[in-house]
Structures are given as C-alpha cells and as structure tokens.
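The values are calculated or read from the model by the stated rules, or taken from the named source; none is laboratory data. Keep in mind it's a predicted model, so treat the numbers as computed, not measured. The area values use the complete protein model at the heavy-atom level, side chains included, leaving out ligands, DNA and RNA. Shrake-Rupley method; radii C 1.70, N 1.55, O 1.52, S 1.80 Å.
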Amino acid sequence: MGVKIVETSLRDGHQSLFATRMTTNEILSAIDELDKVGYYAMEVWGGATFDACLRFLNEDPWERLRAIKARCPNTKLQMLFRGQNILGYRHYADDIVDKFVQKALENGIDIIRIFDALNDIRNLKCAVDSTKKYGGECQIAMCYTTSPVHTVDYYVNLAKEIEAMGADSICIKDMAGVLLPNDAFELVTRLKQNTKLPIELHSHCTCATMGMTYMKAIEAGVDIIDTAISPLSMGTSQPATEAFQYALTNTPYDPKLNLDMLSKAAAKMTLVKDKYLANGLLNPKALSPNPEVLKFQVPGGMLSNLMSQLKEQKAMDRYEAVLTEVPKVRKDMGYPPLVTPLSQMVGTQAVMNVMTGVRYKMVPNEIKEYLHGLYGQSPAPVDEKIRHQIIGDDAVITHRPADDLAPEFANLKAKYHDLIRCDEDVLSIALFEAVAVKFLKNKYQPEPQITVETDEFNVYIGGALK
Ligand code: CO
C-alpha cells in the first residue's frame, strides 16, 4: 500500500505563511476539488485557526468546521489539539477538555492529533481518553527536538508509552523543521521496529531539507506524510503535495492522488495566495530557505518574534547574543522543546537575560509557573540553582497540573447564560474569553455592522476571474 497523505494547507499552510488569515469562503472556494483528491485526511482546525476566526475574521470557528464537513463526504477531517491546553495557552480543567473533544467530534472532526509541549504524557491522557470515549480517531504527536536527552531511544520509549495509552497512530511533530534526512531514516526505522502503530511525519520546509527528509522517512517505512497543496507549500510551510505524487508514481509508495483535482484546487488556492501576497500578509521572505533555523535549532516563527522584540527595543545589535542565549536558557529549563508556549517563554527569557546583562534578574511569570511544575515535567531536570534563584524555597508540584483544577464548564455556562446559545459558545469563551465574548455579542446582538473580510475576497475572486 502506498504512502498516505494528509493535506495541511487549510490549517498549518496558512498559519505558517500568512498568520492563519484564510477565511471560510476562501477555504470553501477549493473544497469540492480537495475532497476528491484522495487524501487520507485534511487538517482543518487548530489553536491559531480557532483564535484567528474569532479575533480577526469575525467568523465562528464551529460554523467553519460544519461548513467544511458538509462539503467533504470523502475525506476525514483532522485537528491539532494541545493536550490539556486544548487550543489555548494554559491548562484547563478536565471537564472542559472532555466537552471540547466531544463537540469537536460532533461538529465534524474525525481525527484528533494531540500533543504536549513537554511530551509529558500525563497532559495528554484526558484528551486521549475523551477522544476514544466519543469514537474519534486518536493520534498522539511527539514534539521533535534536538538535545542531549532527545535521543532516538527517548522517542522509541515515548512511542511505546503512547501505544500503551491506546493511541491509533503516532506523529513525529517536527514543528521547527530541524529533522535531517539521515536522522529521519534512523528514527522512523527504530519506531517501526518498536511499535505496531502507523507513523506519520509532520515537518516544515524552512531549511529546504524537507523533500530529502520525507523521502528518507518514506524509504524507512513512514505510513503517512503531511504536505500542503503547491500554492500554500514550501518556505515555512510543508512540502508540496503534488511533488510527492509525481515523485512516487509507479513506485510501491504511490499515494494515488488525483492530479487533475489537485491542479484544479491549486488554481483556486493560487488566487487566495495572490491576495495575501498583494496585501503583504504573506511576506515573500517566508518562502525562502532559512538555514539559521538549523544553525540555532530555533523555529522560524521564534526567530522572527525575537527579531521584532529586539527591533522594538532598538537592540538589533544583540540578535546574535540572544540567539546564543536561547540554548543556554533551554538547558537551564531542562531542554523543553521550542513549541508554543515554551518557545515564547524561552525566547522572552533569553531577551531579558541579554538586555539586563544579568541572567534571570528579570523573569516572566510563565517561567516562574514552569519552575513551580505548573506546565508538567521537564524532559531533563531543571537547573536547581537557577530554580532556587528565581522561586526560592517555594513548593514545586510533581503531580499532573490539571489535578489541581476544579471543573469550569458549568460556572462559565451560568456566568454567560444571557449571551450563549449552545455549548460550543461556552467552549469558545472557555478558551478565548475576552475575544469570544466580544465576538458573540456582535454575532447575537449586532449593533453597527463590522466589515467582514469575506466580502472583500468575493470582490477579489470576482475580479480575478473576469
Ligand atoms: Co507544523
């Protein structure tokens, strides 16, 4: 059987290239063709897509999901789920996690890809159990990073624990795009030897090595790869879907995708891409290879964040110093993978260490919480001297952080009973309270109309087709 393909353009593609701003209308403009391509699944939902719908697009993310589902009779829909953080940045109580999983599946999600920034599997358990309880397909993603503790053996052991938890498949989530071809070959080979579960590879083209990495992973027996349709591929996004169909045709790995449908969908998606190139949200720089990601082992998004923080402080001359500080902070913190929210936390701490000239003189609250154990267990022990310097003799929890959280759903439902019309509304508020309340007020009690960006796109598409 050939390699299976998951299309990522409707989630990670536009998240990586133009700040997750694709509207539902833009997605729907190509959805009938995409549904006929023959993908294993399409990734359509995640934290940033949900947030951007409410915050920037004045769209209900639940309605988007239902609209996509209605037009995709042939393709499974997949979402990305941050374990106990769900789609947000803090730990939520188990009742919110459970309700969110239930409603996501009810509204059209088939596969839930669950990960924890620290690979602390205790933070996955509630979401995994709920996914299985409500009949969803459960994939657990291992955050891939490089460090003295993140060895192939580490990932093999993690995969065994994931299998024991009852996951249906495992994803190697290389959010920074630092997995090199030969390392991928070794990692996938060892995983296939040690687990029966299908293995999926998710990475980014940031360093232009990913075509090679995917090919080596395929040769090692990877079951599923994540790619994006050509207009929304490459650069900081995934490798191009079409490239793999061409490269693998008439091989045992042939994904058997419909190239005609792919090219029809690509034509529509090119119009979308052109809009974001024209309005500047898609910076052409995002499309060029950036080997600095490999040099500093820092995700591309984090590099641009650090750059803008330093520009704001008129301190671009400290850029190299900050990038040299990042791995030191990471070591002090027990080598957390640099993925949301740890990438922002470690980056901010590195900037503070360099700008104040005294390490850990200033410390963000989130780092203090992390040192109290409130994010879960660090991959390696944190530096005790530094922990003591920052939080003194404070108690450090060693149990699962969400064990301390009381149920939240009923209280929120009561608090906002005037505003909400369904449980999905309560969940939107649970995750992004201020933004969701503002959105729902505007949706249900509209005052002056907000200009909706979808109209602009319709005009644009109309113009482009004429
Ligand atoms: Co990604």
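Observations, loosely collected:
- Size descriptors for the chain, from the alpha-carbon set: Rg then Dmax equal 21.8, 69 Å.
- Kirkwood hydrodynamic radius over Cα pairs of the stretch 198-343, then Stokes diffusion coefficient at 20 °C and 1.002 mPa s, in µm²/s: 123 µm²/s
- Of the solvent-accessible surface of the chain, computed with a 1.4 Å probe and all protein chains present, 54% belongs to carbon and sulfur.
- A probe of 1.4 angstrom, applied to the heavy atoms of all protein chains, finds Ser428 with accessible area near 0 square angstrom.
- Convex hull of alpha carbon positions in the stretch 298-398: directionally averaged projected area 5.9 nm².
- Probe 1.4 Å, protein heavy atoms only - accessible area per residue of the chain in square angstrom: 41 Å²
- For the stretch 223-276 versus the stretch 52-104, the gap between their alpha-carbon centres in whole angstrom: 24 Å
- Of Lys160/Lys192; Lys76/Lys216; Lys413/Lys438, pairs whose Cα-Cα distance is over 19 Å: Lys76/Lys216
- Karplus (6.51, -1.76, 1.60) ³J(HN,Hα), θ = phi - 60°, over the stretch 319-327, in Hz, Gly and Pro reported as x: 3, 4, 4, 5, 5, 6, 6, 3, x
- Across the stretch 118-132, computed HN-Hα scalar couplings (Karplus, 6.51 cos²θ - 1.76 cosθ + 1.60, θ = phi - 60°) run 9, 6, 8, 5, 5, 7, 9, 4, 4, 5, 5, 4, 5, 4, 6 Hz from first to last residue, x flagging Gly and Pro.
- Amide proton proximity set for Ala141, modelled H, under 5 Å, gap of 5+: Ile114, Phe115, Cys171
- Separation between Cα centres of the stretch 297-329 and the stretch 370-428, rounded to whole Å: 28 Å
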